[in-house]
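I have placed the structure first, in the form of structure tokens, so that the comments after it can refer back to it.
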Amino acid sequence: MFVLGIETSCDETAAAVVEGDGRVLSHAVLSQIAEHLPYGGIVPEIAARAHLANLDRLVARAMADAGIGFSDLGGVAATAGPGLIGGVIVGLMTAKAIAAVHKIPLMAVNHLEGHALTARLTDKVAFPYLLLLISGGHCQILAAEGVGRYRRLGTTLDDAAGEAFDKAAKMLGLGYPGGPAIARAALSGDPKRFAFPRPLKGRPGCDFSFSGLKTAVRLAAESLPPGPLAEKDIADIAASFQAAMVDAIADRVARAAEIFCRDYPGGEALVVAGGVAANAALRARLVQTATKSHLSLIAPPPALCTDNAIMIAWAGIERLKLGLSDSLDFKARPRWPLDPTAPKAANAR
Ligand code: KG4
Ligand code: ZN
């Protein structure tokens, strides 16, 4: 069984063909980073237009690279939310057209579930597992109980972790996306030079907050002599910021791990997913956090942690195997929490 996956919820246009057993046949990706670069962040209207201009070509390339025809597909999966709604509509409409013309099932995939299930593709992780989902748009910690079944243990009260990396990088003149730029600059920096706060560390619950840390970075940059920041100062702020992020995230995860191990005694893994999971310092720290709770850390390869269409095809396969597909009138959703009991806060993505 082959499934075509389509991802258009943010600034990456992507199409992939994946086999039912998890074999990846093709992946065609087009990053829009260059188009958004002059604005220092993603511009939704530019994103939607770029998806529209490129998706057909990418789907054709993914199919050609896989060496199969549309009639060979067992289904087509597309991100149906949450995300920038213009882009989501482009991807979902394309998938609906393919499903209608070739009379194959449509899987309207929750983008977050795509991230959530990636570790089952790469490492065959069994349910239940503890899932840290950290990217530019999302920041939450969940117990993954099964396909479509997630219990949220914590979320961010303000920014997503990737957003904090991106904003800090912007303040340091490091450009977008900020995570990889901060990680690179931090390599030659002193993580102890600036004593940045570790928001919510030691507090009850598993929620995250990064806005205080972001303010501290701004104040540190402003405290230095006027004019462009010296390379050493940038490296030291980046290293101190990254150390604070890692520390704050690890504290929250440790608390969630306690709850998870208490409520799901059969659970064995801490899975980390989303773009920020590509951060090497964070991965190294989370290995320790997981080990303390007798969990193993599963971090899919960085290319599968950032947005991609392979994870969407795979989430489609997981649903198709359970007989779950969606009707052609499924509406794109700008907001779509994985946990249906999640509070309806604006930042609860
Ligand atoms: O999952 P993703 O590709 O897109 C969203 O769904 O948001 O995540 C992108 C985010 C960006 O904020 C980027 O700065 C961050 O992931 N990121 C990183 C690293 N690589 C990407 N953050 C920290 N360290 C990294 N190495
Ligand atoms: Zn994502």
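The values are calculated or read from the model by the stated rules, or taken from the named source; none is laboratory data. Keep in mind that what you see is a predicted model, and the values were worked out from it rather than measured. Note that each Cβ is placed from the backbone with ideal geometry, even for glycine, and that neighbours are counted across all protein chains shown. Heavy atoms of the whole protein, side chains included, go into the accessibility calculation; ligands, DNA and RNA do not. Shrake-Rupley method; radii C 1.70, N 1.55, O 1.52, S 1.80 Å.
Table for the structure above
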| read-out | value |
| --- | --- |
| Top-ranked residue of region 175-209 - restricted to ones that are part of a loop (DSSP other than H, G, I, E, B), at pLDDT 95 or above and within 16 Å of residue 160 (Cβ to Cβ), ranked as nearest to ligand 1 (Cβ to nearest atom) | 209 |
| In region 65-121, the residues that are β-branched (Val, Ile, Thr) and within 16 Å of ligand 2 (Cβ to nearest atom) | 79, 85, 88, 109, 118 |
| Count - residues of region 248-277 that are charged (D, E, K, R) and crowded, with 18+ Cβ neighbours inside 10 Å | 3 |
| Total residues in region 126-149, condition more than 15 Å from ligand 2 (Cβ to nearest atom) and surrounded by 21 or more Cβ atoms within 10 Å (Cβ to Cβ) | 6 |
| Selection status of residue 332, within 15 Å of ligand 2 (Cβ to nearest atom), crowded, with 22+ Cβ neighbours inside 10 Å and closer than 22 Å to residue 106 by Cβ | no |
| Meets criteria (in the same structural domain as residue 74 (by TED's automatic domain parsing) and surrounded by fewer than 24 Cβ atoms within 10 Å (Cβ to Cβ)) for residue 106 | yes |
| Candidates 289, 306 - the one that is crowded, with 19+ Cβ neighbours inside 10 Å and touching a Gly at 6+ places or on another chain (Cβ under 6 Å) | 306 |
| Complete set of residues in region 50-69 that are touching a helix residue (DSSP H, G or I) at 6+ places or on another chain (Cβ under 8 Å) and surrounded by 16 or more Cβ atoms within 10 Å (Cβ to Cβ) | 50, 51, 52, 55, 59, 63 |
| Single condition residue 227 does not satisfy, out of (1) in contact (Cβ under 8 Å) with a residue 24 or more places away in the chain; (2) surrounded by fewer than 20 Cβ atoms within 10 Å (Cβ to Cβ) | (1) |
| Residues satisfying the stated conditions in region 273-296, i.e. within 16 Å of ligand 1 (Cβ to nearest atom) and touching a helix residue (DSSP H, G or I) at 6+ places or on another chain (Cβ under 6 Å) | 273, 274, 275, 276, 277, 278, 279, 281, 282, 285 |
| Selection count, region 109-125, where residues are open to solvent by less than 10 Å² (accessible area, probe 1.4 Å) and assigned to a helix (DSSP H, G or I) | 8 |
| Selection count where residues are touching a residue at least 12 places away in the same chain (Cβ under 8 Å) and either away from ligand 1 (no atom under 16 Å from the Cβ) or surrounded by fewer than 23 Cβ atoms within 10 Å (Cβ to Cβ) (or both), scope region 85-103 | 13 |
